[in-house]
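K.L.:
Encoded as structure tokens, here's the structure I'll be asking about.
The values are calculated or read from the model by the stated rules, or taken from the named source; none is laboratory data. These numbers come from a predicted model, not from an experiment. Glycine also receives a Cβ, built like all others from the backbone with ideal geometry; neighbour counts cover every protein chain displayed. Please note that ligands, DNA and RNA were not included when accessible areas were found on the heavy atoms of the full protein model with its side chains. Shrake-Rupley method; radii C 1.70, N 1.55, O 1.52, S 1.80 Å.
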Amino acid sequence: MRVLVCVKRVPAPGARINITADGQAVDTAHLAFTTSPHEECAVESAAQLVEEHGGEATVLTLGPAASEEQLRYAASVGIQRCVLASVSEEWDPQRTATGIVSVIGELEATDGPFDLILFGNESADAGGFQVGIRVAHALDRPIVNGAKGLTVEEGHARIERATDAGLETYALTLPAVIGIKEGINLPRYPTMRGRLASKKADVVTVEVDAAAGGLRKVMLERPPERESSTVILGHGPEAAAAVVDLLDEIGAL
Amino acid sequence: MSAPVLVVVEHDRGDLMPATLEAMTIARDLALAYDAPVEALAVGDVAAGTTDRLGEFGGGVVHLVTDELLTDYGPEIWADCVTQVVRSLAPSIVIATGTDRGNEVMAGVAARLDAPFAANCIEVRPTEGGVDLTRVRWGGSLLEQARLDAEIPLVTIAHHSIEPVPAPTPTAVVTSALPVEIDQALTRSMVTGRVERTAGITLATAPVVVGGGRGVGSADGFGPLEALASTLGGVVGCSRAVTNNGWRNHADQVGQTGTRIAPDVYFACGISGAIQHWVGAMASKHIIAINTDGDANMVHRAGYAVIGDLHVVVPAITEEILRRRG
């Protein structure tokens, strides 16, 4: 089977996220970058699917040239082909979706249709919750987001999705698009061999352009800090009485 | 009066989801700004009493789209129904819940209308030709001021960002049955089955959550946390570090990519308080951090803290509760 997984390069923030002076972006001067967590799991799903069913998995990102790092990482954990749609600034969700649709069109025209296209449920940084859904609609393929379980058999994808009450199941006929949620699997670490191979992997760069959509970032800001006025209830096990007094006071006993 | 502020009702096989009432609450403010009525739209049959409940929150008209094919939730078929209603009503703005379903349906509507969509807003301010809005990024640790240009803005409201408040006076509800052409092909992505959990309390709804982080040290280290949780009728949660170490299942993970919790009490045991964890826990009413490091982020952010080793503090708390209960 042919699987495409779409990923986004995002900052890997520590305990505090700082913003650049102009309010336009996360200050990444002291941050590393990573693949958005849901998408890291989508990459693992793609690798598992081709291991189980044969075929080939391709990873695609629309982002800055530096996103090559995330593509090579995907190559080191079992993805065969890497495609970089290089753009110089962050695109809005509508524009991103249009760009991805056009790249998918080119890839499918040369090598045939993908049976499955995987996205992360939402990107960690922008959290737009829409690119995968827009792409699926443009391609007229079924989509379900939030997949916490995925098995493929006989031309169908069976999906499990978590709810407050348990799990919902969906069955999509391939070709289909699926939004993967963290927790569906535990992404593997690259092996030394995988790491070495990924250095030599061929990263294909494609040109992409699309019209801007109607949602425009004006600026980022930090939410007002809660004043740090932590009440220290005590030190060590002797604090237990104060904790239980508090639980009593707020009616939690 | 302008065209209505339209709220998309989230329900599960008829049962109203509470997030809908948060959207209704914001919708009333927007209705004032637009000088427009609030109307609601439900796709599929809703339980008896639902329309009255929407009336209590200011919904004057509740549009009902029913069809024998709409037996359950389906992201595509719901989005298609909402799209048709939006086309025929041409509302001033469309608001949905910032939940898995709400965001999914609204993204589908946006795709069909080829219109912009802003997910997880906490503030929406109507202006000429669209709205200015504030939405959450990084799960709530950053705010984005954004501009959405559209004739009919499509937004969802970040879950737990506001308290649902009923209207000062309930509205007498009029229901309207809207004719919609159901596209049978879109049943392709409807729910086909369910596995219901038997246990009643879940992480998302528990009144007490006892969370453990890297400081717990091992899977076995969660035993005392389990004991405290069960003593208080709560459940155990964990940070991403714990899941990544394989100590607990991802279903227990609290945070941006796990579950958002909103209990009365959250015990954060041995959790440093990375931003991704914090955004999942910040809706908790009372947070008690238990940490050996008095400088941990979690200690600074929590309302209360005990400085000490969770491995002795947690059992001491359980013991004290049991002692007082006799």
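K.L.:
Pairing the Cα long axis of helix A:37-53 with the longest principal axis of chain A, what angle in degrees results, from 0 to 90 and rounded to the nearest 10?
P.N.:
Between helix and principal axis, roughly 40 degrees.
K.L.:
Cut-off 10 angstrom, C-alpha nodes, Gaussian network model of chain B. Which of B:Ala47, B:Ala305, B:Ala79 fluctuates the most?
P.N.:
B:Ala47
K.L.:
Once ligands and nucleic acids are excluded and a 1.4 Å probe is used, how much of B:Val8 is accessible, expressed in Å² to the nearest 10?
P.N.:
10 Å²
K.L.:
In addition: For segment B:111-125, which residues drop by 50 square angstrom or more in accessible area between the chain on its own and all protein chains together (1.4 Å probe)?
P.N.:
Output list: B:Ala111, B:Phe117.
K.L.:
Still on this model: Considering only protein heavy atoms, with the full assembly of protein chains and a 1.4 angstrom probe, order B:Met298, B:Met282 by accessible area, largest first.
P.N.:
B:Met282, B:Met298
K.L.:
Taking the solvent-accessible surface of protein heavy atoms with a 1.4 Å probe, what is the per residue accessible area of chain B in Å²?
P.N.:
37 Å²
K.L.:
Roughly what % of Cα-Cα distances in the protein assembly as shown sit above 38 Å, to the whole percent?
P.N.:
Percentage above 38 Å: 31.
K.L.:
Hey, which lysines would be in cross-link range of A:Lys217, C-alpha to C-alpha under 22 Å, not counting anything within fewer than 8 residues on its own chain?
P.N.:
Answer for A:Lys217, where 22 Å is the Cα cut-off: A:Lys8, listed by chain and number.
K.L.:
Would you pull out the residues with amide H under 5 Å of A:Val218's amide H, same chain only if 5 or more places away, H placed 1.01 Å from N?
P.N.:
Residues meeting the amide H criterion: B:Gln145, B:Ala146, B:Arg147.
K.L.:
Would you mind checking the radius of gyration and Dmax of segment B:122-188 based on alpha-carbon positions, in Å?
P.N.:
17.2, 43
K.L.:
Here's a follow-up. Taking the Cα atoms only, what angle lies between the long axis of helix A:93-111 and the longest principal axis of chain A, rounded to 10 degrees?
P.N.:
Taking Cα atoms only, the helix is inclined about 40 degrees.
K.L.:
Then there's this: Quick one: check the C-alpha center-to-center distance for segment B:58-127 versus segment B:169-228, whole angstrom.
P.N.:
Cα centroid to Cα centroid, the span is 20 Å.
K.L.:
On to the next question. Can you compute the modelled spin-label distance between A:Asp202 and A:Tyr189, with each label point 7 Å from Cα toward Cβ, in nm?
P.N.:
3.2 nm
K.L.:
Buried accessible area between B and A (1.4 Å probe, both chains summed, ligands and nucleic acids excluded), in Å² to the nearest 100?
P.N.:
The summed interface area works out to 6800 Å².
K.L.:
Per residue, how many Å² of accessible area does chain A show with a 1.4 Å probe?
P.N.:
Counting only protein heavy atoms, the per-residue value for chain A is 44 Å².
K.L.:
Let me ask you something else. Per residue of A:139-149, count partner chain C-beta atoms within 10 Å of its C-beta, then hand back the mean as an integer.
P.N.:
Shielding by partners across A:139-149 averages 4.
K.L.:
Quick one: Karplus J couplings for segment A:159-167, per residue in order, coefficients 6.51, -1.76, 1.60, θ = phi - 60°, nearest Hz, x for Gly and Pro?
P.N.:
Result, rounded to whole Hz: 10, 10, 9, 7, 10, 4, 9, x, 10.
K.L.:
Counting only Cα atoms, I'd like the Rg/Rh figure for segment B:7-119, Kirkwood definition for Rh.
P.N.:
We get a ratio of 0.92 for segment B:7-119.
K.L.:
Show the residues, 5+ positions off or on another chain, whose built amide H is closer than 5 Å to the amide H of A:Ile232.
P.N.:
Those lying under 5 Å, H to H, from A:Ile232 are B:Ala305.
K.L.:
Do you know which residues of segment B:250-282 lose at least 50 square angstrom of accessible area in the protein assembly compared with their chain on its own, with a 1.4 angstrom probe?
P.N.:
B:His250, B:Thr257
K.L.:
Further question: Placing +1 on the Cβ of each Lys and Arg and -1 on the Cβ of each Asp and Glu in segment A:141-218, which of A:Ile180, A:Gly194, A:Tyr170 has its Cα farthest towards the positive end of the resulting dipole?
P.N.:
Positive-most Cα among the choices belongs to A:Gly194.
K.L.:
Can you give me the Kirkwood hydrodynamic radius for chain A, using every pair of distinct Cα atoms, in Å to one decimal?
P.N.:
20.1 Å
K.L.:
Can you send over the carbon and sulfur percentage of the accessible area for segment B:50-196, probe radius 1.4 Å, protein chains only?
P.N.:
Heavy-atom surface of segment B:50-196 belonging to carbon and sulfur, 1.4 Å probe: 49 percent.
K.L.:
Please list, ordered by chain and number, the residues whose modelled amide H lies under 5 Å from the amide H of A:Phe33; skip anything fewer than 5 residues away on the same chain.
P.N.:
So A:Phe33 has HN proximity to A:Ala12.
K.L.:
Can you give me the solvent accessible area of A:Lys181 with a 1.4 Å probe, rounded to the nearest 10 Å²?
P.N.:
For A:Lys181, the solvent-accessible surface is approximately 40 Å².
K.L.:
Give the angle, between 0 and 90 degrees and rounded to the nearest 10, that separates the Cα long axis of helix A:240-249 from the longest principal axis of the Cα atoms of chain A.
P.N.:
80 degrees
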